[in-house]
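A short reminder: the numbers here are calculations on the coordinates, not readings from a lab. Computed from a predicted structure; not experimentally measured. Virtual Cβ from ideal backbone geometry, glycine too; neighbours counted across all protein chains shown.
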Amino acid sequence: MHISRTFAAADISASGLKAERMRMEVAANNIANAHATRSASGGPYRRQQVIFAAPAPNSGTAPDTATLPELQGVEIVGIAADRSPFPRVYNPGHPDADPQGYLEMPNVVLPMEMVDLMTASRSYEANLKAIETFRQMAEQTLSLMKGFQA
């Protein structure tokens, strides 16, 4: 078996850990700015979301793995702004309100962010469990190999 294929499962889970950690950070940032009516770009805060993609396949595969499918993880392509419209609320006393008294609020929907946090957390836990299982299997394999050498 080709050595890079041996650790492919752990590499895939590690990429999932990294991706889900980023998704949790972005969701937490969205929640923190859910009421921010002023941003650096002007106007209210715009919700951010993480864009994932499968990594590009390796061009050179080893001969012993040519018949197996290419195993891939996930990579973070970027963080994009959610282009959905800003909700408008009537709040004439707010300093950012327009002359009619309406205020544009961030396009962050707190229940949606909480669902994103929960699903990212569960996915993170699943990837962590896969890595722990891989580690246990590797330890058991090594202990079995020690028994054959004795």
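Quote the FRET efficiency, to the nearest 0.05, computed for K18 versus E104 with a Förster distance R0 of 35 Å and r equal to the Cβ-Cβ distance. Please list the in-between numbers first.
Numbers: r = 34 Å, r/R0 = 0.97.
The calculated FRET efficiency here is 0.55.
Counted by neighbouring Cβ atoms within 10 Å, the residues M105, M22 run from fewest to most as M22, M105. In terms of surrounding Cβ atoms within a 10 Å radius of their Cβ, S121, S41 rank from fewest to most as S41, S121. Each Lys and Arg Cβ is given +1 and each Asp and Glu Cβ -1; about its Cα centre, the stretch 70-141 then shows a dipole of about 140 debye. Roughly what angle does helix 110-149 make with the longest principal axis of the chain, taking Cα atoms, 0 to 90 degrees, to the nearest 10? Once rounded, the angle reads 10 degrees. Taken about its Cα centre, the chain carries a charge dipole of about 100 debye when Lys and Arg each add +1 at the Cβ and Asp and Glu each add -1 at the Cβ. Amide H contacts for Q48 (H built 1.01 Å from N in the peptide plane; partners 5 or more residues away or on another chain; cut-off under 5 Å): D82. Neighbour counts of C-beta atoms inside 10 Å place D98, D82 in the sequence D98, D82, starting with the fewest. If you model the stretch 3-149 as an ellipsoid using its alpha carbon gyration tensor, with each semi-axis the square root of five times an eigenvalue, the axes come out at 47, 17, 9 Å, biggest first. From helices alone, the chain scores -16000 deg cm²/dmol at 222 nm; the rule is -39500 (n - 2.57) for each run of n ≥ 4 DSSP H residues, then divide by the residue total. Using alpha carbons only, how many degrees (0 to 90, rounded to 10) separate the axis of helix 8-32 from the longest principal axis of the chain? With both axes taken from Cα atoms, the answer is about 10 degrees.
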